[in-house]
Every structure is written in C-alpha cells, then in structure tokens.
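Enquirer: First the structure, then my questions, so here it is.
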Amino acid sequence: MSLIYRYIRKAACRLTVCLAALLCVVVASAKDPVLLRFTVWDGDISLGVLQKVLDQFEKENPDIKVKLESIPDYATYHQKMLTMYAANVPPDVAMMDPGHFQALAAKNAILPLNPFMDKTPGFDIKSYYKPIVDVHTYKGQLYVLPRDIAPIILYYNKEAFKAAGIPYPDGTWTWDYKVRPELREKDFGWVCQQLIRKDSSGKVDHWAFASDYPELLAKTFTYSSGGDYCNNEEQPTLVTIAQQKTVRAYQYASDYMNVLHFMPNSTETSGVLMATAQQLFVSKKIDMYENGIWVTPQMRKDLVPGKEGFFDWDITLFPAFADGRRATPTGGSGYCIFRGIAHPEEAWRLTRYMAGPVGMTAMAKAGIAQPAIKPLALTPGVWAPGPTTPKEQEYPHNILATDAAVPFVRFGSAAYYWPSVNERLNAGLDLVWSGQAKAEPILQAAQKNGQFRLDSLLKDEHLSLYNWTYGILAGALIVAAILFWTYWPERKIKYSSREKTESRAAYKFISPWLFGIVVFTLGPMILSLLMSFADWDIITPARWRGVQNYVEAGAIDPLFWKSMTVTFIYTIFSVPLGILTSLLLALLLNQKVGGIPLFRAIYYVPSLASLVASSLIWRKIFNPDNGLLNQIIYGSHGSWLGTKLSEIAGTPDKHVDWLGSEKFALPGMILMSLWFAGGGMIIMIAGLQNIPQHYYEAATLDGAGIWGKFKAITIPLLTPTLFFAMVTGFIGSFQVFTQAVVMTQGGPNDSTRFYMYKLYQNAFESLRMGYASAGAWVLFAIIMVVTLCQFKVSKWVYYEADAK
C-alpha cells in the first residue's frame with residue numbers, strides 16, 4: 001500500500017507542476033484588452049445611450065475596452081480636438097461634423113476611411129444618405145463615417161393651432177417678405193400673425209415662433225430664397241454674404257423679431273423671459289420652434305403624456321420660399337479616427353459599430369439622431385414609431401418629415417479654412433437681432449472683413465517651409481546679445497578671490513531660478529519672437545511668412561485696430577477712475593474710528609473673488625430688466641437719467657441693455673472695473689500710513705486746513721504710491737481678458753473685443769500661433785513704450801529719500 005501511495009503522490013505532484021506550468025504559459029500569452037478613447041460632444045441623455053452601446057460592443061469584442069469621454073461645449077470641442085492632436089494625446093475615435101473635419105483632414109491629423117472600408121466584407125457606404133457622405137469627403141477620401149443627418153425642422157403645438165382655428169401644417173406652406181392673408185394657412189407669415197397675443201397695453205406677450213438662435217432663422221431664409229455666403233461651397237474664393245438676397249433675408253429675420261414681433265428678440269429672450277427658445281415652446285410662450293431633431297429627447301422628458309403641462313405636439317418641414325424653392329440648413333455628425341494612434345484596426349471596429357446599425361438604432365430609438373443609413377431610418381420601430389413603440393416615444397408622430405427634408409439640406413462650406421472666415425461674418429449680428437442696426441451695413445462690413453481673411457488664407461497656402469537652422473542661429477544670437485548686454489559693463493571690474501568665491505556660491509544658490517527663467521520664460525519668449533515671422537498651427541510644419549504677420553496686423557486685419565482702440569479706451573478711463581476710487585476709499589478708511597477693520601475687509605473682499613465669478617455676478621447686475629443697476633437708474637416709474645440713457649442707446653422705449661448695446665457695453669466694463677478698487681485701496685492705505693504724522697502736526701500749527709494738508713502733504717508724499725498704481729494699472733488694463741469672454745464674447749459688434757481676447761482667439765481657437773506671437777510682441781512693445789514714457793515724465797513723483 002505504501003508503494004501505491006508513494007506512486008500516487010509522485011503522480012499528483014507531477015500533474016500539479018504540469019498544470020502550474022500550463023497556467024503560467026496561458027497567463028503569459030494572454031494580452032490585456034486594447035484601451036480605446038472615444039470622445040463626443042453629446043450631453044447627458046445621449047451619453048447614457050452611448051454607454052449602453054459601448055457595453056454591448058465590449059461584450060462582442062472582449063479584446064477591446066472603451067473609455068467614453070465627453071466635451072459637451074460644442075463651441076470649443078473642435079478646437080480642443082486640434083489642441084489634443086498637437087499635444088500628441090488625441091482620442092482614438094472622435095465625433096466630428098462637416099464644418100470642422102477638413103481642418104483635421106488637411107493637416108493629416110485623421111485617417112481616410114476608404115482603406116478600412118475596402119477590406120471590410122459586406123460594408124456598403126451606398127446605404128448611407130448621399131449628402132452626409134459627400135460632405136464628409138475630402139479629395140476623394142471619406143474621413144468621417146456618418147452616424148446621423150439632422151435637417152432643421154419646425155416643431156409646433158397642435159393645441160395652439162386647433163384653438164386658433166388653423167389647420168395643422170402639412171409642409172406645403174410657403175413664406176414671403178410680406179404677410180399674404182389670401183393664402184391663409186398656406187402662408188407662414190399669416191399663421192404667425194394669427195398665433196401672437198398681446199397684453200392690455202398692446203405689447204406682445206405670446207409669440208408665434210422662435211428659432212433656436214437668430215442666425216438659424218436668417219440662414220434658413222437665406223438658403224430658401226436663393227441667397228448664399230460664398231461663390232463655391234467646396235472651395236470658396238469669394239465671400240458673398242452682402243449680396244442682395246442674403247441681406248434681405250437677414251433683415252427679414254430681424255423684422256420677425258423687432259417689427260412684426262412674431263418672434264422674441266435676443267434681449268427679450270435673455271433679459272425679460274430668461275429662457276431658451278426650447279423652454280419657451282415647452283412652457284407655451286411660443287407655438288412653433290425651429291431646431292434640429294436632437295432636442296426630441298428633452299422634449300419627451302418635459303412633455304409626458306398624462307402629466308401636467310403636456311400638450312400634443314409634432315414636427316413638419318419649414319416653409320418653402322414663395323416661388324416653391326425649398327432649402328434648409330442641416331446638421332449631421334459621424335466618427336473619425338486620429339492618425340498616429342496605436343490601434344487603428346480596433347478603432348475602425350469601434351467606428352463602424354457606433355456608426356453602424358447597432359449604434360444608430362440605439363440613438364434613433366431614443367429620438368436623438370436620425371440614422372445616416374437611409375433604410376434604417378425608414379424601418380418602423382427604429383426611427384419612425386412602430387407597433388411596439390411606447391406611447392411617450394411616439395412623439396413626434398410625423399418624424400419621417402426629417403427624411404423628406406434630406407433632399408433639400410444645405411451644409412454650407414466645409415472647406416478647412418472657412419471656419420476662420422466665418423468668424424468675421426458673424427461680427428455685429430447681435431446689433432441686427434436686437435434691432436439696433438440694419439442688416440445691410442453690418443453684412444457689408446462682414447463681407448469686407450471676411451474677404452480679407454479668405455484672401456490671406458488662400459495666399460498663405462503657397463508659403464515656403466520655415467528654415468529652422470536659421471531660426472536656431474537667430475535664437476542663439478539673441479541669447480548671446482542678452483548675455484553681452486548684461487555682462488559687458490562689468491568687464492573691467494576687478495574682483496578679489498573672496499568676491500569670486502562668493503559670486504560662485506551665489507550663482508549656485510540661484511541656479512534653479514536661473515534655469516527656470518531661461519527654460520520657462522526666456523526660451524518661450526525667444527521662440528514666440530521667431531514664430532512671429534511664421535505661419536504655424538502647431539500641427540503642420542511652420543512656414544516662413546516674414547513680416548507679413550505684422551503687416552497683416554497693422555494694414556489688413558480690421559479687428560487689430562478695433563481691439564486696440566477698445567483696449568486704449570478702457571485703459572484711459574478705467575485706470576484713472578480706479579486710482580481715484582481707491583484713493584477715496586483709502587482716505588475714508590484710514591480714520592481712527594471703531595469698526596474700520598471690518599469696513600476695510602468688506603471693501604477688499606470683492607477683489608479676492610475670481611474674475612469668472614465676478615463676471616457672472618455683474619451679468620446679473622447688468623440685466624436690462626431685472627438687473628440691480630437699471631433698477632437703481634430707472635426706479636419703479638422711470639427717471640430723467642434713465643430716459644436719457646435709453647435715448648443714447650437708441651431704444652427710447654426700453655431700459656438700457658448694458659451688455660447688448662454697442663454704446664454701453666464698454667462703459668459697463670469700465671464701471672465693473674471699480675469692483676476691484678479694494679485691492680488698490682489697501683495699497684493706498686499703506687501709502688497713507690507711511691506718511692510721517694509730524695508733517696500734519698506742523699501744518700496744523702501753521703494753521704493749515706484739511707484741504708491744505710491734503711494738497712501740500714498727502715498728495716506729494718503719496719506720489720510714489722500713485723505712480724506705482726498708475727504703472728501697474730496701465731499694464732493690467734492692457735491685459736483684460738476674462739470679463740469679455742464670460743460676459744460678452746467680444747460683442748456686440750466687437751465693442752468689447754479687447755486685445756488679449758483677440759490674441760487668445762488667434763492662438764487657441766484659430767491656432768494661428770505665428771500671427772498671435774506677432775500680436776503678443778506688438779503688445780509687449782506698446783506696454784514697454786507706455787511704461788518708459790511714464791517713467792520719463794515721473795518728475796512729479798516725490799521720493800523723500802532723494803530729498804534727504
């Protein structure tokens with residue numbers, strides 16, 4: 001038995017060793033799943049749907065893990081994609097749209113998908129809607145696999161139409177530049193006229209219609225009436241926004257808000273109503289709403305059958321023009337694959353899954369996106385309601401109107417350089433939408449500025465590459481010149497051995513600081529100086545532009561002088577006012593009375609708040625109807641000052657819209673600058689307390705009064721502090737940035753587009769690093785000249801030490 005036992009034990013040990021070895025081989029040969037980053041701009045509702053699809057994808061593809069990332073701010077999403085690629089940390093797969101993909105494709109930042117499609121059995125790109133495929137094609141290659149197409153459609157309240165005795169719209173109605181009562185429900189203007197309601201004073205308090213944003217309505221009118229923005233959407237060379245058809249369409253969009261009052265204007269939406277167009281539709285303040293289908297999930301969430309506030313609603317085609325021409329703006333999106341990623345094949349599997357039947361079906365059933373695959377969009381139960389569709393998801397009933405709109409969609413220009421031009425075309429439009437300006441002069445100026453930008457971009461395509469050898473040599477010469485200028489005066493000074501030893505020790509102690517200032521300050525400054533002579537977007541190789549960046553700033557770019565003028569005006573008024581306010585506060589709070597420390601803290605605390613938080617507070621203060629400032633100025637029954645301000649603003653029947661008026665936006669910013677006077681107050685108090693008291697005592701004995709002491713003692717001995725505040729104030733005012741970004745985005749009509757804001761836009765939105773570098777050096781030169789002039793005329797400053 002013992003022999004058998006020993007034999008079994010040996011066999012068991014050998015088997016255990018073999019199994020352990022086999023397990024080690026399996027573990028060693030196993031691979032970790034590939035991790036893919038998947039980035040979208042979708043919001044919360046869409047993210048939940050996408051995550052479920054990704055979970056299913058991971059189950060079907062166990063060798064791949066996907067990390068879903070969201071950048072919900074669409075306005076900055078595409079710029080962040082460029083920046084992430086430039087920093088060599090792009091996502092593997094990213095959501096993209098027609099208006100921005102060429103900016104990446106032209107820089108070879110994303111991969112063409114045709115090679116992947118060609119080797120994928122059964123893949124049929126022809127099943128996708130042709131317009132959305134064509135617009136994502138660049139130089140014969142498809143760069144974005146479409147997931148949806150999104151024609152702009154019109155939501156309408158069926159109950160409102162029924163109450164007004166108007167038949168439901170069937171898509172056959174039209175619009176013209178006048179109301180046509182003879183056509184009744186077939187005329188969009190007549191329908192709007194019937195739906196508006198007024199209060200007892202005759203003011204419209206219930207509107208017929210609202211577009212998601214005014215430019216959308218203007219664009220819809222433009223396309224359907226035969227207007228356009230450029231001569232060739234594929235490769236535009238001429239800006240045409242000031243042509244008569246487009247001007248007339250934009251003016252009519254303004255009249256819809258400010259003359260006919262069919263639609264609330266921007267001031268009423270943001271100021272009086274304080275709601276988006278979608279919120280106005282849901283709350284029954286408007287009866288029709290223009291937008292894309294992507295708002296449907298939120299509409300279903302807000303309007304639940306059987307619950308309070310629900311009403312029957314549907315969608316239809318936006319009216320065609322009077323001559324029958326139909327054209328509508330459209331959205332649409334898809335997924336692209338970035339170049340240089342580690343796993344492109346796995347990324348393609350994810351892309352065709354999310355932009356294929358599985359991904360599209362999930363998004364379609366949620367009402368988020370019309371599938372880009374046409375047969376899928378027409379399948380009952382997917383996009384259109386089917387027999388098993390839940391009741392709350394049956395809205396809108398006429399969802400296939402989106403399919404009927406596809407033949408008439410207009411994407412606008414998808415050229416990679418057009419977004420930079422388009423920025424110039426939108427300048428000043430907020431004045432048109434508020435009724436403060438006519439469309440024609442604004443669009444003429446926009447066309448001129450846009451054409452300047454377009455010509456510059458087309459010209460820059462032929463620049464030669466930047467010669468880095470010469471650049472490095474130039475940088476080395478600059479460093480050598482700085483060192484020469486620093487140490488040349490000391491060449492004849494003789495140092496003892498002890499002094500040399502102390503100097504070496506000192507240099508060792510300050511070497512970390514020297515390293516930091518050379519690497520992180522001097523180095524970037526020299527690079528920016530070199531790049532100011534180049535055209536560079538960080539991604540593609542830099543090209544030599546010579547002094548053209550400086551020429552463009554001074555002689556071509558109208559926004560350069562506009563932003564410089566705005567900054568100078570702000571500086572001239574805000575700095576003296578800030579110094580005066582700080583001085584007055586310091587004089588008041590330098591008294592020896594009870595509670596002074598508390599009052600000092602109260603006045604100082606606002607200057608500690610972040611600029612973003614302060615800007616948000618002041619947006620509320622500047623609110624034209626509910627803001628604190630206008631309540632003080634106008635009171636409950638109006639005032640003489642309020643009447644005069646309204647007349648100056650050009651809106652005598654309304655309160656001043658401080659941030660929406662070209663005449664008052666910059667004065668509002670200057671007024672806001674006094675919010676930070678508490679910081680200057682502390683410096684002034686320190687200066688006042690540094691004045692010896694015996695001077696005042698001697699003046700009192702001589703019979704001097706309060707004004708005499710202030711004029712003969714306080715001001716002269718406070719001049720060093722005043723000079724410091726003036727120099728630092730001027731430097732700081734030239735770098736105003738945050739307030740404009742948060743409160744006005746540079747508007748209206750560039751009236752608050754400060755120089756630093758323009759610099760930021762050139763560098764980090766347009767990625768024009770060369771032009772931005774030139775602008776930064778221009779700003780450096782201006783600040784240096786102004787500062788030197790201040791020191792040159794500083795003989796009025798009294799330094800007590802010099803007098804001794």
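Enquirer: Run the simple label-point estimate for Ser283 and Asn232 please: 7 Å along Cα→C-beta, distance reported in nm.
Expert: 4.9
Enquirer: Same structure again: Grab the beta carbon distance between Phe484 and Asp44, set R0 = 51 Å, and tell me the FRET efficiency rounded to 0.05.
Expert: It comes to 0.25.
Enquirer: Further question on the same structure: For Arg197 and Trp561, calculate 0.36 nm times their separation in residues minus their Cα-Cα distance, and state this gained length in nm to one decimal.
Expert: Length gained between Arg197 and Trp561: 126.5 nm.
Enquirer: Here's something else I'd like to know. What are the ³J(HN,Hα) couplings of region 351-364, residue after residue, when phi is run through the Karplus curve with 6.51, -1.76, 1.60 and θ = phi - 60°? Round to Hz, x for glycine and proline.
Expert: Result, ordered by residue: 4, 6, 6, 6, 9, x, x, 5, x, 5, 4, 5, 5, 5 Hz.
Enquirer: Kindly flag which residue pairs out of Lys709/Lys795; Lys126/Lys448; Lys59/Lys126; Lys80/Lys620; Lys52/Lys219; Lys198/Lys301 have an alpha-carbon separation exceeding 32 Å in this structure.
Expert: Over 32 Å apart, Cα to Cα: Lys126/Lys448; Lys52/Lys219.
Enquirer: Taking a probe of 1.4 angstrom, what is the accessible area of Ile706 in Å², to the nearest 10?
Expert: Result for Ile706: roughly 150 Å² accessible.
Enquirer: What is the distance, in nm, between label points placed 7 Å from the Cα along the Cα-to-Cβ direction at Ala704 and at Phe310?
Expert: It works out to 8.2 nm between the two label points.
Enquirer: Okay, moving on. If you take the Cα Rg of region 44-187 and divide it by 2.2 N^0.38 Å, with N the number of residues, what do you get?
Expert: 1.49
Enquirer: Follow-up question, since we're still on this one. For the peptides 167-173, 339-345, 416-422, what is the packing order when you average, over each peptide's residues, the other Cβ atoms within 10 Å and list the highest mean first?
Expert: 416-422, 167-173, 339-345
Enquirer: Checking the cross-link filter: which aspartates and glutamates have an alpha carbon closer than 12 Å to that of Lys365, excluding same-chain neighbours under 8 positions apart?
Expert: Output for Lys365: Glu392, Glu394.
Enquirer: OK, next. Just the projected area, averaged over all directions, of the convex hull on the alpha carbon atoms of region 165-299: how many nm²?
Expert: The number I arrive at for region 165-299 is 10.1 nm².
Enquirer: Could you point to the label whose value was computed as mean projected area of the Cα convex hull in nm² for the structure here, given (1) 34.0; (2) 37.6; (3) 58.0?
Expert: The listed entry that was calculated here is (3).
Enquirer: Show Ser646, Ser283 ordered by accessible area, largest first, where the area counts protein heavy atoms only and the probe is 1.4 Å.
Expert: Order by accessible area, largest first: Ser283, Ser646.
Enquirer: Another question, then. Work out the FRET efficiency for Thr379 and His206 from their Cβ-Cβ distance, taking R0 = 45 Å, and round it to the nearest 0.05.
Expert: 0.70
Enquirer: Let me ask something additional. How much length, in nm to one decimal, is gained on full extension between Glu440 and Thr521, taken as 0.36 nm per residue of separation minus their Cα-Cα distance?
Expert: Stretched out fully, the Glu440 to Thr521 stretch lengthens by 24.5 nm.
Enquirer: Here's something else I'd like to know. Between Thr120 and Glu697, what is the label-to-label distance in nm when each label sits 7 Å out along the Cα-to-Cβ direction?
Expert: 9.0
Enquirer: Here is a follow-up. Using the 2.2 N^0.38 Å rule of thumb for compact globular proteins, work out how region 215-286 stacks up: its C-alpha Rg over that value, please.
Expert: Compactness ratio reported: 1.34.
Enquirer: Right, next: Rounded to the nearest 500, what is the 222 nm mean residue ellipticity of the chain from helices alone, with -39500 (n - 2.57) per DSSP H run of 4+ residues and division by all residues?
Expert: After summing the helix terms and dividing by the residues of the chain, the value is -15500 deg cm²/dmol.
Enquirer: Let me ask something else. Quick one: order Thr316, Thr787 from most to least accessible surface, probe 1.4 Å.
Expert: Putting Thr316, Thr787 in descending order of accessible area: Thr787, Thr316.
Enquirer: Continuing with the same structure: Can you tell me which of 174-184, 396-406, 496-506 comes out highest on packing, and rank the rest after it, using the mean Cβ neighbours within 10 Å?
Expert: 396-406, 174-184, 496-506
Enquirer: If you build the convex hull over the alpha carbons only and average its shadow over all orientations, what do you get for region 125-205? Give it in nm² to one decimal.
Expert: If you wrap the Cα atoms of region 125-205 in a convex hull and average its projections, you get 9.3 nm².
Enquirer: Could you grab the relative contact order for the chain? Cα pairs under 8 Å, six or more apart, rounded to a whole percent.
Expert: 14
Enquirer: Leaving ligands, DNA and RNA out of it, work out the accessible area of His462 with a 1.4 Å probe and give it in Å² to the nearest 10.
Expert: 150
Enquirer: Do you know the relative contact order of region 202-283, to the nearest whole percent, from alpha carbon pairs under 8 angstrom that are 6+ apart?
Expert: Dividing the mean separation by the residue count of region 202-283 yields 32 percent.
Enquirer: Regarding region 354-436, what whole-number volume in Å³ per residue does the convex hull of its Cα atoms give?
Expert: Convex hull of Cα atoms, per residue: 159 Å³.
Enquirer: Figure the gain on full extension for Phe764 and Ser511 (residue separation times 0.36 nm, minus the Cα-Cα span) and round it to one decimal in nm.
Expert: My answer for the length gained is 87.8 nm.
Enquirer: Roughly how many percent of the accessible protein surface of the chain is carbon and sulfur, given a 1.4 Å probe and a whole-percent answer?
Expert: Looking at the chain in its full context, I get 63 percent from C and S.
Enquirer: Residue by residue through region 126-136, which ³J(HN,Hα) values in whole Hz follow from phi under the Karplus form 6.51 cos²θ - 1.76 cosθ + 1.60 (θ = phi - 60°), with glycine and proline marked x?
Expert: For region 126-136, the Karplus curve yields 5, 6, 7, 4, 4, x, 6, 6, 4, 6, 9 Hz.
Enquirer: Report, to one decimal in Å, the Kirkwood hydrodynamic radius for region 552-651 based on all distinct Cα pairs.
Expert: With all distinct Cα pairs of region 552-651 included, I get 17.5 Å.
Enquirer: Another question, then. Please state the relative contact order of region 126-259 as a whole percent: Cα pairs under 8 Å, 6+ residues apart?
Expert: 11
Enquirer: Leaving out ligands and nucleic acids, note down the accessible area per residue over the chain with a 1.4 angstrom probe, in whole Å².
Expert: 50
Enquirer: Return the equivalent ellipsoid semi-axes of region 739-804 as a descending list in whole Å, where each equals the square root of 5 times an eigenvalue of the C-alpha gyration tensor.
Expert: 36, 16, 9
Enquirer: Once you have the Kirkwood Rh of region 680-804 from its Cα pairs, apply Stokes-Einstein at 37 °C and 0.692 mPa s and quote D in µm²/s.
Expert: It diffuses with D of about 184 µm²/s by this estimate.
The values are calculated or read from the model by the stated rules, or taken from the named source; none is laboratory data. Model, not experiment: these values are computed from the prediction. Backbone-built Cβ (ideal geometry, glycine too); neighbour counts: all protein chains shown. Remember, those area values only see protein heavy atoms, side chains included, never the ligands or the DNA or RNA. Shrake-Rupley method; radii C 1.70, N 1.55, O 1.52, S 1.80 Å.
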